[in-house]
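Down below is the structure, laid out as structure tokens.
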């Protein structure tokens with residue numbers, strides 16, 4: 001029986017990057033467990049701050065943590081008070097210098113982790129699992145996604161036998177490696193046990209060597225600039241034509257004109 005692979009793990013090195021970026025030989029296992037402790041602490045500490053993912057970079061005695069969140073104000077706190085508490089606690093645990101940077105998620109409706117957590121929160125509040133999934137998919141597609149798929153598993157509606165039920169709308173090409181697919185899962189704790197929530201969001205294709213107009217402007221380049229077009233424009237300017245319209249010969253369709 002074929003099993004499904006994680007779309008994120010399948011695309012690492014193609015259009016996704018690692019969430020932990022460091023290298024170690026002998027201390028690899030210790031540093032890996034340290035990363036797990038850091039993530040668990042931050043996820044519990046910022047439980048209601050809509051944190052999507054946590055990236056960790058290491059140097060010799062320094063750890064740089066990047067938190068992606070839809071509510072940066074809750075993560076930082078007034079004058080950085082909430083963030084300072086997290087830094088002090090992590091420095092006690094790791095005995096290293098901690099730096100935390102915050103990146104705001106502008107469109108949380110297109111983030112699979114936040115969408116999955118939203119569905120899980122609704123299920124914990126006794127909302128219908130069908131209504132929660134359908135409303136989440138409609139919000140995702142209204143925000144510009146090309147496709148979305150959700151799946152909820154467990155004792156749905158308090159049934160004695162666990163089952164899975166999901167909905168899909170649009171296109172979600174899981175086997176296309178150039179497809180930008182965001183995947184995440186979350187858990188909902190209900191009176192009947194835990195429910196698992198999975199979300200796939202397809203945002204479009206990422207072609208190699210191509211950047212969007214917005215990325216080109218951020219890099220200080222003109223997105224419409226082309227060397228060949230520039231040479232042709234310079235040639236027209238030297239010939240005195242500039243931006244003047246091309247002259248056309250008069251057209252006469254009568255027999256006398258012939």
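Each value in this text was obtained by applying a stated rule to the coordinates, not by laboratory testing. Remember, it's a predicted structure, so these values are computed and weren't measured experimentally. A quick note on method: Cβ atoms are made from the backbone with ideal geometry, for glycine too, and the neighbour counts reach across all protein chains shown.
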How far, in nm, would the chain grow between residue 161 and residue 8 when pulled straight, counting 0.36 nm per residue and subtracting the alpha carbon separation? 52.0 nm
Compute the length gained on full extension between residue 47 and residue 78: take 0.36 nm times their separation in residues and subtract their Cα-Cα distance, giving the result in nm to one decimal. 9.4 nm
Would you mind putting 129-141, 170-182, 6-18 in packing order, based on average other-beta-carbon counts within 10 Å, highest first? 129-141, 170-182, 6-18
Note the full-extension length gain between residue 187 and residue 92 as 0.36 nm times their separation in residues minus their Cα-Cα distance, in nm to one decimal. 31.2 nm
Sticking with the crude label model, points 7 Å out along Cα→Cβ, report the distance from residue 62 to residue 124 in nm, one decimal please. 3.6
Which order do peptides 19-32, 107-120 fall in by mean Cβ count within 10 Å, highest first? 107-120, 19-32
Classify region 16-104: rounded, prolate or oblate, from the alpha-carbon gyration tensor (a ≥ b ≥ c, eigenvalue square roots; a/c under 1.5 rounded; otherwise prolate if a/b is larger than b/c)? prolate
Compute the convex hull volume of the Cα atoms of region 103-201, divide it by the residue count, and report the result per residue in Å³ as a whole number. 99
Region 156-210 and region 27-58: distance between their alpha carbon centers, rounded to Å: 23
